[in-house]
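The values are calculated or read from the model by the stated rules, or taken from the named source; none is laboratory data. Since we're looking at a predicted model, the values are computed, not measured. Ideal geometry is used to build each Cβ from the backbone, glycine not excepted, and the neighbour counts take in all protein chains shown. Ligands, DNA and RNA are stripped out before the accessible areas are found, and what is left, the full protein with its side chains, is counted by its heavy atoms. Shrake-Rupley method; radii C 1.70, N 1.55, O 1.52, S 1.80 Å.
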Amino acid sequence: VQLQASGGGSVQAGGSLRLSCVASRRTFSNNGMGWFRQVPGKEREFVGAISWRGDRTYYADAVKGRFTISRDNAKLALYLEMNSLKPEDTAVYYCAASRYGQATTVRGDYNYWGQGTEVTVSS
């Protein structure tokens, strides 16, 4: 599975961005998917996850109520809608495919990673 993330950019605080991630193989439809983010010098952290059916989602407390993860299995696509962005959301965002079908917050459950897309939120 190859994953290609896009949609990052620079916005002011309070703005919105929509990240997309497109997979290259049909196995995407059977995999739980997730978004993570990383800033220099820090561990990559969990942002959101969605089950392969799209019927279960999890979010990090820091983004709950502001970010929405979704997927379109027919298009092999994963999305992250980000609203009310804050400067602390600034990071490189990575999409990832889990080896399991259920949604998972555990970084070690993900065995495929996209290349990352950069999000910068200015105050």
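Scanning for something under 20 Å from SER123 (Cβ atoms) and open to solvent by less than 30 Å² (accessible area, probe 1.4 Å), does region 73-84 turn up at least one residue? Scanning region 73-84 turns up at least one residue that is under 20 Å from SER123 (Cβ atoms) and open to solvent by less than 30 Å² (accessible area, probe 1.4 Å). Of the strands (runs of 3 or more DSSP E) lying entirely inside region 4-69, those containing at least 3 residues that are exposed (fewer than 15 other Cβ atoms within 10 Å of the Cβ) are 9-12. Of the residues making up region 3-37, those that are at pLDDT below 95 and not hydrophobic (A, V, I, L, M, F, W, C) are GLN4, SER24, ARG25, ARG26, THR27, SER29, ASN30, ASN31.
Residues in region 72-114 that are modelled with pLDDT under 95 and in a helix (DSSP H, G or I): ASN73, ALA74, LYS75. A search for C-beta distances below 8 Å between a residue of region 60-75 that is farther than 23 Å from SER29 by Cα and among the β-branched types (Val, Ile, Thr) and any residue that is part of a strand (DSSP E or B) and open to solvent by less than 30 Å² (accessible area, probe 1.4 Å), counting only pairs 6+ apart in sequence or on different chains, returns VAL63/VAL47; VAL63/GLY48; VAL63/MET82.
For region 20-43, residues that are farther than 15 Å from ALA97 by Cβ and in contact (Cβ under 8 Å) with a residue 12 or more places away in the chain total 3. Is it the case that some residue within region 50-58 is of a type outside the set (Gly, Ala, Ser), touching an Asp or Glu at 6+ places or on another chain (Cβ under 9 Å) and free of Cβ contacts under 8 Å to residues at least 60 places away in the same chain? No, region 50-58 contains no residue that is of a type outside the set (Gly, Ala, Ser), touching an Asp or Glu at 6+ places or on another chain (Cβ under 9 Å) and free of Cβ contacts under 8 Å to residues at least 60 places away in the same chain.
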